[in-house]
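Asker: One structure coming up, written as structure tokens, with questions to follow.
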Amino acid sequence: MAKMNMIQSLNSALDNAMEKDPNVISFGEDAGYFGGVFRVTAGLQEKYGLDRSFDAPINEAAITAMAIGMAAKGLRPVAEIQFADYIFPAIDQIVSELSRIRYRTAGQFTTPVVVRTPCGGGIRGGQTHSMSPEAFFTQVPGIQVIMPSNPYDAKGLLIAAIESPDPVVFFEPKRLYNGPFDGDPTKALETWAKHEKGEVPEGHYTLPIGKAEVVREGNDVTIVAYGTLVHVALAAAEREGIDAEIIDLKTLVPYDIDTIAASVNKTGRCVVSQEAPRTSGFAAELAAQIQEECFYALEAPIQRVTGWDTPYPHAHEWAYFPGPQRFINAIREVLEA
């Protein structure tokens, strides 16, 4: 297996999918000739030509509408929204059209569209390049929502998303593109080269959509995380020597409540997390269903670790970001209750 960072693994996923299926198309703002702002689509136009890897106008609604039309005619488009903060001009197309075509045609049409977009903070992107808007899409019936935390999962899940008959919004935590991040901005950048999930098969493989992974076993508390916060949770548990079981959700819709419930029923305590603002976030959905499934096993109220209900600040980025100390505080709350 090759050593890859997340940029390379996503590029490899697109390359594999396009090589296997001539109906797979990749496009977006600067996603053709230039290869994308983060270089995820680099080399695809040169290899597959202008018809299958091309640049789109700066119009997110049009990008998504084009993808819907392509999918209705039998193609499998992978549309890139340059930053998740700019997905909102496309939200009407995603919510009112893309998500409903299978339903409104009684299964006569499907729309196998993947909308890729980099999300999250940690790169000094400020309020307009740091959002994590995944919760907006988890409430839309017909849309699958995925956010991987490492190169191995990113490739397997992206290929699975491309091959799915239903639409997927695929969030890519850009702070993880070049290496894992434990929430400490003062440390030197780590690379994926020494991480086990940095070993990625060069060929075709898929991972199941809707299956979480227990990335650290423990008995005292369950921590549910996804994206960048998986690594922050791991760092917090190691720093404090806490016997925490940590679950990487990977897929938000559908999400793996069975794995979560099995863990919480064992530990009796739970912390849920998200990088997005606190109010009405996906962590609240997790907390609600865990309460329903595990009520009699819970020994303490479920705690949430989240961002704040403010725009993502530039100057005070690390005051906003849910770092290890915020996890440690939440863990102490549930352990001492």
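Asker: Given the criteria small (Gly, Ala, Ser) and modelled with pLDDT of 95 or more, does ALA337 qualify?
Answerer: Answer is no for this residue.
Asker: Any residue at all in the stretch 7-15 that is of a type in the set (A, V, I, L, M, F, W, C), part of a loop (DSSP other than H, G, I, E, B), touching a strand residue (DSSP E or B) at 6+ places or on another chain (Cβ under 6 Å) and crowded, with 22+ Cβ neighbours inside 10 Å?
Answerer: Looking only at the stretch 7-15, we keep the residues that are of a type in the set (A, V, I, L, M, F, W, C), and these are 7, 10, 13-14.
Subsequent filtering for residues that are part of a loop (DSSP other than H, G, I, E, B) retains none.
No, the stretch 7-15 contains no residue that is of a type in the set (A, V, I, L, M, F, W, C), part of a loop (DSSP other than H, G, I, E, B), touching a strand residue (DSSP E or B) at 6+ places or on another chain (Cβ under 6 Å) and crowded, with 22+ Cβ neighbours inside 10 Å.
Asker: Yes or no: the stretch 168-181 includes at least one residue that is open to solvent by 20 Å² or more (accessible area, probe 1.4 Å) and within 30 Å of HIS316 (Cα to Cα).
Answerer: yes
Asker: Only strands (runs of 3 or more DSSP E) wholly contained in the stretch 92-193 count here; list those with 3 or more residues that are more than 15 Å from GLU275 (Cα to Cα) and not polar (S, T, N, Q). Write out each step before concluding.
Answerer: Numbers: elements: 114-119, 144-146, 168-173.
Per the criteria, 114-119, 168-173.
Asker: Continuing with the same structure: Of the conditions (1) among the hydroxyl-bearing types (Ser, Thr, Tyr); (2) open to solvent by less than 40 Å² (accessible area, probe 1.4 Å); (3) more than 12 Å from ARG116 (Cβ to Cβ), TYR33 clears all except one; give me its number.
Answerer: Answer for TYR33: the failing condition is (2).
Asker: Looking at the stretch 149-167, which of the residues that are among the hydrophobic types (A, V, I, L, M, F, W, C) and open to solvent by less than 10 Å² (accessible area, probe 1.4 Å) is nearest to SER130 (Cα to Cα)?
Answerer: Applying the filter and picking the extreme gives ALA154.
Asker: Let me ask you something else. Being surrounded by fewer than 20 Cβ atoms within 10 Å (Cβ to Cβ), part of a helix (DSSP H, G or I) and among the hydrophobic types (A, V, I, L, M, F, W, C) narrows it down to one of ALA233, ALA237, ALA283, ALA261, so name that one.
Answerer: On the way: ALA233 fails: surrounded by fewer than 20 Cβ atoms within 10 Å (Cβ to Cβ); ALA237 fails: surrounded by fewer than 20 Cβ atoms within 10 Å (Cβ to Cβ); ALA283 fails: surrounded by fewer than 20 Cβ atoms within 10 Å (Cβ to Cβ).
Only one candidate passes the filter, namely ALA261.
Asker: Which residues, taken from the stretch 293-318, are more than 22 Å from the chain's Cα centre (by Cα), farther than 23 Å from PHE136 by Cβ and either open to solvent by less than 70 Å² (accessible area, probe 1.4 Å) or not aliphatic (A, V, I, L, M) (or both)?
Answerer: Scanning the stretch 293-318 gives GLU293, CYS294, PHE295, TYR296, ALA297, LEU298, GLU299, ALA300, PRO301, HIS316.
The values are calculated or read from the model by the stated rules, or taken from the named source; none is laboratory data. Bear in mind the structure is a predicted one, so any value in this text is a computation, not a measurement. In this analysis, Cβ positions are derived from the backbone assuming ideal geometry, glycine residues included, and neighbour counts consider all displayed protein chains. Surface areas here come from the heavy atoms of the whole protein model, side chains and all, with no ligands, DNA or RNA. Shrake-Rupley method; radii C 1.70, N 1.55, O 1.52, S 1.80 Å.
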